[in-house]
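Shown next, in structure tokens, is the structure this report addresses.
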Amino acid sequence: MRANCWTGRNSVDVLDVPDPKILNSRDAIVKITSTAICGSDLHLYNGYIPTMQKGDVLGHEFMGEVVETGSGVPNLSEGDRVVVPFPIACGACNACERGLTSVCENSNPNAGIAEKFMGHSPSGIFGYSHMLGGFAGGQAEYVRVPFADIGPLKIEGDIPDEKVLFLSDIFPTGYMGADMCDISPGDVVAVWGAGPVGQFAIASARLLGAERVIAIDRFPERLDMAASKAGATDVINYTETSVLEALQELTAGRGPDACIDSVGLEGHAASPLYAYDRVKQAARMETERPVALREAILACRNGGIVSVIGVYGGLADKVPLGAFMNRSLTMRTGQAHVHRYLKPLMERIEKGEIDPSFVITHRMPLDEAPRGYEMFKNKEDGCIKVVLSP
Ligand code: NAD
Ligand code: ZN
Ligand code: ZN
């Protein structure tokens, strides 16, 4: 089959690779109909996540048609349409029982490597390094889905792929970012990053009742989408305005009730600290550029919540712990526990409360994945979200 493979730093290639096979009774094989490129894929592309190997099949946002099931997958049959959550989860361990599927204790066969970096291992993830399981991803014609008896959501009816594809990752991720903010009526929420994940964090904060949602980025087309499609009430271009000053002004000096970091480890800034991070990151002395996280902590009102859905990989410098501790802040974070949001968010789509396809700016065949990665990375041609069709 054809699959988009990681071939080194800043390089992917669509290659012929062996078809996936059922390995365990709880596996299913899915023929991919739509798949997308995520900001998390850029961290792999840009070489910031360790334990990638040449030839690894990328992709963790995908949906398609079931073509084969193991004996332990009674819930699915050949021909079913499914959306598959990006974290791989067993459904039965202590973490899964608590609904924390992105930290499933049973789905990462390489947990020992992750433990060395992180103390304990999170779940396995499709197409996301050997440290997180070495699973082949879904930017391909076919994929093997482990624990298919509890993961995939069956799509009934003829709702188009583009409306439900993002249930695999970015819609639940943005929603979890807002959910972690314990939003009450009247709340002000600020969102760093107006990429696809930020767009869904903004839209979800509005769905959950925030009165004002402030979007922060530097790309005008992303800020425009935040205001016109996702529902942001205010936007800040951080290259034109001091974010901290603007947020003070918008909140009568108090700061937002909650701050969502949907930027992660590849943050950008116009300040001298940015040069410091770039140098340390290039020398591999620091793994992150935690620009947005630092600002989110400093901006948040006393006693407020900092919700981190941007991905971090390792160690960060100069995070203002003094502000965090002395001002009674709470931090909540995680790879999205996609499984628990699938049904409730599907219901919101069915009721017409949101149409997630609003983030798509580019569609291309799978064979053009290398061009898609370059466009998305460099924000060429107003690129915000790329959907690939095998
Ligand atoms: P993206 O790269 O398109 O978006 C990131 C945005 O942040 C860009 O628009 C960029 O201009 C903006 N940005 C950079 N520095 C900034 C700053 N200092 N202030 C404000 N904005 C800034 O990627 P995406 O697909 O939207 O993903 C965003 C993050 O979410 C990534 O780190 C990704 O890995 C992560 N992610 C997490 C999960 C999860 O489960 N927690 C799931 C999917 C993606
Ligand atoms: Zn993703
Ligand atoms: Zn589990």
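Please go through region 298-318 and give me each residue that is farther than 25 Å from E249 by Cβ and more than 13 Å from the chain's Cα centre (by Cα), ordered by number.
Residues of region 298-318 that are farther than 25 Å from E249 by Cβ, as a first pass: 309, 311-318.
Once the filter is applied, which keeps residues that are farther than 25 Å from E249 by Cβ and more than 13 Å from the chain's Cα centre (by Cα), region 298-318 yields G313, G314, L315, A316, D317, K318.
Mind checking which residues of region 71-102 are more than 16 Å from ligand 2 (Cβ to nearest atom) and in a helix (DSSP H, G or I)?
From region 71-102, those more than 16 Å from ligand 2 (Cβ to nearest atom) are 71-82, 90-100; that's our starting set.
Selection gives N94, A95, C96, E97.
If you check F86 against the conditions, is it within 16 Å of ligand 3 (Cβ to nearest atom) and open to solvent by 20 Å² or more (accessible area, probe 1.4 Å)?
Details: within 16 Å of ligand 3 (Cβ to nearest atom): yes; open to solvent by 20 Å² or more (accessible area, probe 1.4 Å): no.
Considered against the rule, which asks whether it is within 16 Å of ligand 3 (Cβ to nearest atom) and open to solvent by 20 Å² or more (accessible area, probe 1.4 Å), F86 comes out as no.
If you scan region 322-332, which residues turn out to be open to solvent by 50 Å² or more (accessible area, probe 1.4 Å) and out of contact with any Ser or Thr (no Cβ under 7 Å at 6 or more places or on another chain)? Show your work before the answer.
Here is the first cut: in region 322-332, the residues open to solvent by 50 Å² or more (accessible area, probe 1.4 Å) are 325-328, 330-332.
Scanning region 322-332 gives M325, N326, R327, S328, T330, M331.
Checking V66 against (1) hydrophobic (A, V, I, L, M, F, W, C); (2) open to solvent by 10 Å² or more (accessible area, probe 1.4 Å); (3) over 21 Å from G310 (Cα atoms), which single condition isn't satisfied?
(2)
For region 96-106, name all the residues that are under 20 Å from the mean Cα position of the chain (by Cα) and more than 15 Å from ligand 1 (Cβ to nearest atom). Please lay out each step first, then the result.
First, the residues of region 96-106 that are under 20 Å from the mean Cα position of the chain (by Cα): 96, 99-104.
Correct list: C96 only.
Please identify the pairs in which a residue from region 184-200 that is under 10 Å from G310 (Cα atoms) has its Cβ atom under 7 Å from the Cβ atom of a residue that is assigned to a helix (DSSP H, G or I) and modelled with pLDDT of 95 or more, counting only partners at least 6 apart or on another chain.
Final answer for the pair search is W192/A292; W192/E295; W192/A296; G193/A292; V197/G39; V197/I170; V197/T173; V197/G174.
Wholly within region 1-70, which strands (runs of 3 or more DSSP E) include no fewer than the required count, namely at least 2 residues that are among the small types (G, A, S) and either more than 16 Å from ligand 1 (Cβ to nearest atom) or within 21 Å of the chain's Cα centre (by Cα) (or both)? It would help to see each step written out before you state the result.
Numbers: elements: 2-8, 11-16, 28-36, 61-69.
Per the criteria, 2-8, 28-36.
Mind counting the residues in region 152-179 that are among the aliphatic types (A, V, I, L, M), more than 16 Å from ligand 2 (Cβ to nearest atom) and buried (at least 24 other Cβ atoms within 10 Å of the Cβ)? Give the steps one after another, and end with the answer.
Narrowing region 152-179 to residues among the aliphatic types (A, V, I, L, M): 153, 155, 159, 164-165, 167, 170, 176, 178.
Checking which are more than 16 Å from ligand 2 (Cβ to nearest atom) leaves us with 153, 155, 159, 178.
If we keep only those that are buried (at least 24 other Cβ atoms within 10 Å of the Cβ) too, we end up with 178.
So the answer is 1.
Conditions tested, residue by residue: (1) at pLDDT 95 or above; (2) open to solvent by 30 Å² or more (accessible area, probe 1.4 Å); (3) outside the structural domain of L44 (by TED's automatic domain parsing).
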| position | (1), (2), (3) |
| --- | --- |
| G127 | yes, no, no |
| L132 | yes, no, no |
| G138 | yes, no, no |
| V143 | yes, no, no |
| D149 | yes, yes, no |
| C181 | yes, no, yes |
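Please report, ordered by residue number, the helices (runs of 4 or more DSSP H) entirely within region 282-390 with at least 2 residues that are within 22 Å of S242 (Cα to Cα). Let's see the steps before the verdict.
On the way: elements: 291-299, 321-326, 338-350, 369-378.
The qualifying helices (runs of 4 or more DSSP H) are 291-299, 321-326.
Counting just the residues of region 351-367 that are in contact (Cβ under 8 Å) with a residue 40 or more places away in the chain and surrounded by fewer than 16 Cβ atoms within 10 Å (Cβ to Cβ), which one comes out nearest to L223 (Cα to Cα)?
For region 351-367, the residue satisfying everything is D355.
Hey, could you check region 246-290 for residues that are of a type in the set (V, I, T) and within 16 Å of Y48 (Cα to Cα) and say which is nearest to ligand 1 (Cβ to nearest atom)?
Residues of region 246-290 of a type in the set (V, I, T): 251, 260, 263, 279, 287.
Checking the rest, the ones that are also within 16 Å of Y48 (Cα to Cα) come to 263, 279, 287.
On the way: V263: 4, V279: 17, T287: 13 Å.
If we take residues in region 246-290 being of a type in the set (V, I, T) and within 16 Å of Y48 (Cα to Cα), then V263 is nearest to ligand 1 (Cβ to nearest atom).
The values are calculated or read from the model by the stated rules, or taken from the named source; none is laboratory data. Just so you know, these numbers come straight off a predicted model, no measurement behind them. Because the Cβ atoms are built from the backbone with ideal geometry, glycine has one as well, and the counts that use them run over all protein chains shown. Only protein heavy atoms, including side chains, enter the accessible area calculation; ligands, DNA and RNA are left aside. Shrake-Rupley method; radii C 1.70, N 1.55, O 1.52, S 1.80 Å.
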